[in-house]
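Novice: The structure that follows is given in the form of structure tokens.
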Amino acid sequence: MNTPVMGMVLKGYPRISETFISNEIRLLEEQGLTVHIFSMRAPRENFTHKSVEAIKARVTYLPSEFWRGLPRFLWPNLRTAMRYPAGYARSFSLAFRRFLRNRNPLTFKHFFQAGYLAHHAAGMNLTHLHAHFAHSPTSVAMFAAEICGVPFSFTGHAKDIYTSDATQLAEKIDKARFVVTCTKYNKAFLEDLVQGRKEVHCVYHGIDLELFFAHAAEHTPQPPYTFMTIARIVEKKGIPDILEALAVLARENFPFRYVLIGSGDDKDAVKARVRELGLEGHVEMPGTMAHEQVLERFRSADCFVLGCRIARSGDRDGIPNVLAESMAMGVPVIGTRVSGIPELVEHEETGLLVDATRPEELAASLKRIVTDQALRQRVIPAARQRVTEVFDNKKLILELVALYRNLTNL
């Protein structure tokens with residue numbers, strides 16, 4: 001008898017910013033599940049984290065552009081329509097109804113990607129599809145599941161939840177075998193969206209505690225103090241708010257350096273703001289870095305800070321894994337009260353929470369977190385205990401495996 005296979009539909013694989021997904025796949029494999037990855041596009045970075053090397057899952061890359069990829073779509077979709085005529089018709093009908101609601105032509109690209117997926121899944125004993133992110137990957141998984149007659153599920157994270165059309169997202173929740181999300185804040189939002197018709201399962205991403213504990217290097221901060229942020233440089237991360245607070249410290253002649261690791265759409269605007277605020281001598285922006293390099297940077301950091309906010313589009317974070325990583329490394333954190341962050345960072349207990357749009361408040365907290373030794377001695381061990389209790393990925397993966405095995409044929 002062929003081994004049951006779970007198809008994992010991802011926006012891209014591997015992705016530097018999505019370590020939590022590659023870690024999840026690796027741990028699922030360690031628990032005995034067989035995974036096949038269907039990636040909607042090829043990797044954009046020319047390097048990846050070492051943890052990806054441990055993954056055994058094979059990868060099928062779906063055509064990522066519709067018109068240029070049309071020749072690649074046609075034959076697989078024709079074969080799929082012949083193999084699953086009723087399912088293909090139902091799936092097309094579903095796609096057409098969804099297109100009529102929002103007039104989004106990408107709906108048909110996702111439908112044809114689903115047909116391509118179904119063609120390449122033939123013969124692999126695919127028994128379940130799971131998508132990460134509630135927008136396009138879940139659309140592909142939903143259409144493919146309709147074609148093949150297998151159940152699907154999905155994990156909703158952050159932007160994918162809050163920038164999706166509410167009616168379209170509610171339909172996905174209703175059709176899914178089950179839905180997972182990574183914060184209690186998201187769980188409440190999604191369950192409210194379907195008026196309680198379906199329970200949404202909250203399972204935190206978790207981190208590899210052994211890895212971060214092994215690299216922890218507590219030290220007594222010395223001027224110039226090192227503040228660090230690791231993030232995609234986009235609106236919801238609140239980087240400009242951090243810069244405003246740093247400008248307050250600079251005017252007070254407080255000694256510091258700020259390391260901003262990452263890249264993103266707002267990188268040039270942030271660099272311009274650094275110049276406008278006269279912070280060039282304080283700010284270092286090395287770009288995106290591999291995990292091993294980031295761990296070394298953590299060792300010299302005195303504080304980790306994120307200014308998370310709700311973007312104008314509605315986009316927001318869930319619980320950024322990097323907060324948990326910092327807490328595990330013994331680097332105290334400053335965050336905001338946005339979304340699920342207070343579920344991990346408790347003010348004055350496991351870190352500090354601020355209104356980052358108030359530069360003086362954030363500046364005062366930055367100064368305090370590196371100079372108040374009594375605060376550090378209280379917060380650092382409490383933060384490490386907190387992530388041990390609720391963010392251990394080896395424990396959390398057992399919850400996911402139980403979901404998959406109890407609610408699917410895996």
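Novice: Do you know which of the residues in region 186-242 that are touching a residue at least 40 places away in the same chain (Cβ under 8 Å) and of a type in the set (S, T, N, Q) is surrounded by the most Cβ atoms within 10 Å (Cβ to Cβ)?
Specialist: Top of the filtered list is N186.
Novice: Okay, next question. Could you please find all residues in region 117-132 being under 10 Å from V9 (Cα atoms) and either outside the structural domain of K11 (by TED's automatic domain parsing) or surrounded by 24 or more Cβ atoms within 10 Å (Cβ to Cβ) (or both)?
Specialist: At the first step, the residues of region 117-132 found to be under 10 Å from V9 (Cα atoms) are 117, 129-132.
Within region 117-132, L117, L129, H130, A131 qualify.
Novice: Out of P76, P43, I need the residue that is touching a Gly at 6+ places or on another chain (Cβ under 7 Å) and within 30 Å of L403 (Cβ to Cβ). Which one?
Specialist: Working: P76 fails: within 30 Å of L403 (Cβ to Cβ).
So the residue among P76, P43 that is touching a Gly at 6+ places or on another chain (Cβ under 7 Å) and within 30 Å of L403 (Cβ to Cβ) is P43.
Novice: Determine whether L249 is farther than 30 Å from A166 by Cβ and not in a helix (DSSP H, G or I).
Specialist: Working: farther than 30 Å from A166 by Cβ: yes; not in a helix (DSSP H, G or I): no.
When the stated conditions are applied, L249 does not pass them.
Novice: Would region 199-216 turn up any residue that is part of a loop (DSSP other than H, G, I, E, B), closer than 21 Å to S136 by Cβ, more than 18 Å from the chain's Cα centre (by Cα) and at pLDDT 90 or above?
Specialist: Step one: list which residues in region 199-216 are part of a loop (DSSP other than H, G, I, E, B), which gives 199, 203-206, 208, 215-216.
Subset that is closer than 21 Å to S136 by Cβ: 205.
With more than 18 Å from the chain's Cα centre (by Cα) added as a condition, the list becomes none.
No, the conditions are met nowhere in region 199-216.
Novice: Here's something else I'd like to know. Given the residues S139, S91, S64, which is the only one that is surrounded by 14 or more Cβ atoms within 10 Å (Cβ to Cβ), part of a helix (DSSP H, G or I) and out of contact with any His (no Cβ under 6 Å at 6 or more places or on another chain)?
Specialist: Values: S139 fails: out of contact with any His (no Cβ under 6 Å at 6 or more places or on another chain); S64 fails: part of a helix (DSSP H, G or I).
Every option except S91 fails the conditions.
Novice: Applying the selection to region 67-88, what residues are among the hydrophobic types (A, V, I, L, M, F, W, C) and in a helix (DSSP H, G or I)?
Specialist: In the first step, residues of region 67-88 are kept if they are among the hydrophobic types (A, V, I, L, M, F, W, C); the result is 67, 70, 73-75, 78, 81-82, 86.
Within region 67-88, L70, F73, L74, W75, L78, A81, M82, A86 qualify.
Novice: Could I ask something else about it? I233: in a helix (DSSP H, G or I) and either within 25 Å of R358 (Cβ to Cβ) or outside the structural domain of R337 (by TED's automatic domain parsing) (or both), yes or no? Step through it out loud before you land on a result.
Specialist: Details: in a helix (DSSP H, G or I): no; either within 25 Å of R358 (Cβ to Cβ) or outside the structural domain of R337 (by TED's automatic domain parsing) (or both): yes.
No.
Novice: Any residue in region 256-264 that is farther than 18 Å from P320 by Cβ and in contact with a Phe, Trp or Tyr (Cβ under 7 Å, 6 or more places away or on another chain)? Let's see the steps before the verdict.
Specialist: Keep residues of region 256-264 that are farther than 18 Å from P320 by Cβ, which gives 256-257.
Pick out the ones that are also in contact with a Phe, Trp or Tyr (Cβ under 7 Å, 6 or more places away or on another chain) and you get 256.
Scanning region 256-264 turns up at least one residue that is farther than 18 Å from P320 by Cβ and in contact with a Phe, Trp or Tyr (Cβ under 7 Å, 6 or more places away or on another chain).
Novice: Pairs please, first residue from region 103-124 and at pLDDT below 95, second anywhere and not in a helix (DSSP H, G or I), Cβ atoms under 7 Å, 6+ apart in sequence or on different chains.
Specialist: What qualifies is M124/V5; M124/H36.
Novice: Of all residues in region 349-381 being in contact with a Ser or Thr (Cβ under 8 Å, 6 or more places away or on another chain) and buried (at least 16 other Cβ atoms within 10 Å of the Cβ), which is nearest to P151 (Cα to Cα)? Don't jump to the end; show me each part of the working.
Specialist: In the first step, residues of region 349-381 are kept if they are in contact with a Ser or Thr (Cβ under 8 Å, 6 or more places away or on another chain); the result is 352-356, 373, 379.
Imposing the further condition that a residue be buried (at least 16 other Cβ atoms within 10 Å of the Cβ) reduces the set to 352-354, 356, 379.
Values: L352: 43, L353: 41, V354: 43, A356: 43, V379: 44 Å.
Checking each candidate, the answer is L353.
Novice: Also: Which one is surrounded by the fewest Cβ atoms within 10 Å (Cβ to Cβ) among residues in region 25-53 that are part of a helix (DSSP H, G or I) and at pLDDT 90 or above? Steps first, please.
Specialist: Let us first name the residues in region 25-53 that are part of a helix (DSSP H, G or I), namely 25-30, 50-53.
Among the residues that remain, those that are also at pLDDT 90 or above are: 25-26, 28-30.
On the way: I25: 24, R26: 20, L28: 22, E29: 15, E30: 13.
Here the residue is E30.
Novice: Need pairs with beta-carbon distance below 7 Å; first residue within 24 Å of R299 (Cα to Cα) and within region 259-277, second small (G, A, S); sequence gap 6+ or separate chains.
Specialist: If the second residue must be small (G, A, S), the pairs left are G262/A231; S263/G287.
Novice: Name the residues in region 298-326 that are of a type outside the set (A, V, I, L, M, F, W, C) and either over 26 Å from T350 (Cα atoms) or surrounded by fewer than 17 Cβ atoms within 10 Å (Cβ to Cβ) (or both), would you? Write out each step before concluding.
Specialist: Going residue by residue through region 298-326, those that are of a type outside the set (A, V, I, L, M, F, W, C) are 299-300, 302, 307, 309, 312-318, 320-321, 325-326.
The answer is R299, S300, R312, S313, G314.
Novice: Between a first residue in region 54-83 that is free of Cβ contacts under 8 Å to residues at least 24 places away in the same chain and within 18 Å of H36 (Cβ to Cβ) and a second residue that is surrounded by fewer than 15 Cβ atoms within 10 Å (Cβ to Cβ) and hydrophobic (A, V, I, L, M, F, W, C), which pairs have beta carbons less than 9 Å apart while being 6 or more apart in sequence or on different chains?
Specialist: Note: pairs meeting the criteria are Y61/A42.
The values are calculated or read from the model by the stated rules, or taken from the named source; none is laboratory data. From a predicted model like this one, the values you see are computed outputs, not experimental measurements. For neighbour counting, all protein chains shown are included, and Cβ atoms are generated from backbone atoms with ideal geometry for every residue, glycine included.
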